[in-house]
């Protein structure tokens, strides 16, 4: 189990059927993540995207990587105080990209596999 993301690789049960989402039987669980108590829980996409561990990890990665990228890409403008209007969209986007990458990575690791076939 990946400690940082709180997710693990998994496959469906022996019958080949995906389990229902542990937060409501509205959908099949496609992901297994570590719950707040450390026990694995099976969740649908919506609940996995909003799970505390996935969001916290993605926010941490976005804060660190986004700050480094902002310093590299706009550091000279920030240091000189010459702030341009384009920075109003470039800076938030710089933080969104690592957040999305960390979230997609966590989803790929936590994804349940069907019928023992490898994920594409």
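Every read-out reported here was derived from the displayed coordinates using simple, explicitly stated rules and does not represent laboratory data. Here the structure is a predicted model, which is why all the values come from computation and not from measurement. Please note: Cβ atoms are built from the backbone with ideal geometry, for glycine as well, and neighbour counts cover all protein chains shown.
Taking each residue as 0.36 nm, the span from residue 79 to residue 59 lengthens on full extension beyond its C-alpha to C-alpha distance by 4.7 nm.
Quote to one decimal, in nm, the extra length available between residue 68 and residue 49 on full extension: 0.36 nm per residue of separation minus the C-alpha distance between them. Walk me through the intermediate numbers first.
Details: separation 19, 0.36 × 19 = 6.84 nm, distance 2.48 nm.
Taking residue 68 through residue 49 to full extension adds about 4.4 nm, to one decimal.
I'd like the antiparallel share, as a percent to the nearest 5, of DSSP beta bridges with both residues in segment 10-113. Rounded to the nearest five, the antiparallel share is 75 percent. Per-residue packing, averaged as other Cβ atoms within 10 Å, sorts the ranges 73-81, 17-25, 43-51 into the order 43-51, 17-25, 73-81, beginning with the highest.
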